[in-house]
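Encoded as structure tokens, the structure appears first; notes follow it.
The values are calculated or read from the model by the stated rules, or taken from the named source; none is laboratory data. Note that the structure is a prediction, hence the values are computed from the model and not measured. Reconstructed Cβ throughout: ideal geometry from the backbone, glycine too, with neighbour counts over all protein chains shown. The protein model used for the area step is the full one, side chains on, heavy atoms only, and it has no ligands, DNA or RNA in it. Shrake-Rupley method; radii C 1.70, N 1.55, O 1.52, S 1.80 Å.
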Amino acid sequence: MAHGAMEPGTMEPVKPVHTTEDHWGDIVRALGRPGNLIRGTYHHTPFPRHDLSVLCRGVAVTPGLALGSHVSFVRYDDGSTLMMGDLVMTEDELPAMTDAFQAHGIAQTAIHKHLPSHEPNVWWTHVCAHGPDAVQLARGLRSALDRTGTPPPAQGPRPQQPLDLDTAGIDAALGAKGAGSGEVYTCLFARRETIIDEGHVLPAGLGATSAFNFQPLGGGRAALSGDLAMIATEVQDVLAALRRGGIELVELHNHGLTDEPRLFFTHVWAVGDAVDLAKAARPAVAATNAAPVAA
């Protein structure tokens, strides 16, 4: 896989094409599970790690909070396909998974943490591949996932429990309309800029979002795990705003290698009243050039 940046001014960036669910049947079959089409431009497939029992500071972490592997595919008008994802693995699984990525030409663009001190030790890796054969990309990813304990897709819908959270209060505090998954309540913000990676325009919301997941702990309290997308000039203001709100910084890193503008991401952690946590996060979001999107 060629993974180099486009020389500035040499050509117009390649744009994604709109697709329908029918265009993604080969990817669904290669991955062995269904996904969903986001805004008609990229196909997203989750791989929740329901097999893992992870404790973070005494909180039993659900897949929705921080243990959800996922991958997205985008088709472009030059006939190529881009695959991007963020995958969860145990420390024991990481070496074999890395070997599989390398064997299939899949680049790892980050190896990092989403959570502070937790047991057992879990890692996350961002991956990226770009080429003419979407099925080959999907099969390479599947080969890597097969070296982990990632469970098969659930048979039938998982039972959905009402969330013990003031979701209207969270929405008002963050200035975004979130959505519940049965495990967590999520609010999303997407960068307003056009992001270009390897000379290809990323669809809005792909690889350039800030996300806040609230997992209810009872009595209106929540564990907050989040990820904020920033350009370089925003980083220090965002980190300072988070700390003023009592939110813990877990990781500062990049998701990509050649993105323009260059993006940085910080993972955060906090436990407390859910609405108070949302109020604490709002100034950090306001320090970025992002707008709320439907979760």
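Values as computed for the structure displayed
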read-out	value
Most mobile of M89, M11, M97 in a GNM of the chain (Cα contacts under 10 Å)	M11
Computed Rg/Rh of the chain, alpha carbon atoms with Kirkwood Rh	0.94
Cα→Cβ-extended label distance, 7 Å offset, between T233 and A103, nm	4.7 nm
Computed accessible area, T233, all protein chains, 1.4 angstrom probe, square angstrom	110 Å²
Where labels lie 7 Å past Cα in the beta-carbon direction, separation of K15 and V293 in nm	1.7 nm
Fluctuation leader among N254, N121, N213 - the chain, Gaussian network, Cα springs under 10 angstrom	N121
Calculated FRET efficiency for the pair A60/K177, C-beta based, R₀ 41 Å, to 0.05	0.90
Helical contribution to [θ] at 222 nm, DSSP H n ≥ 4, -39,500 (n - 2.57), averaged over the chain, rounded to 500	-6000 deg cm²/dmol
Among A278, A110, A154: highest mean-square fluctuation, GNM of the chain, C-alpha pairs under 10 Å	A154
Partner lysines for K177 [C-alpha distance under 25 Å; skip if fewer than 8 residues away on the same chain]	K279
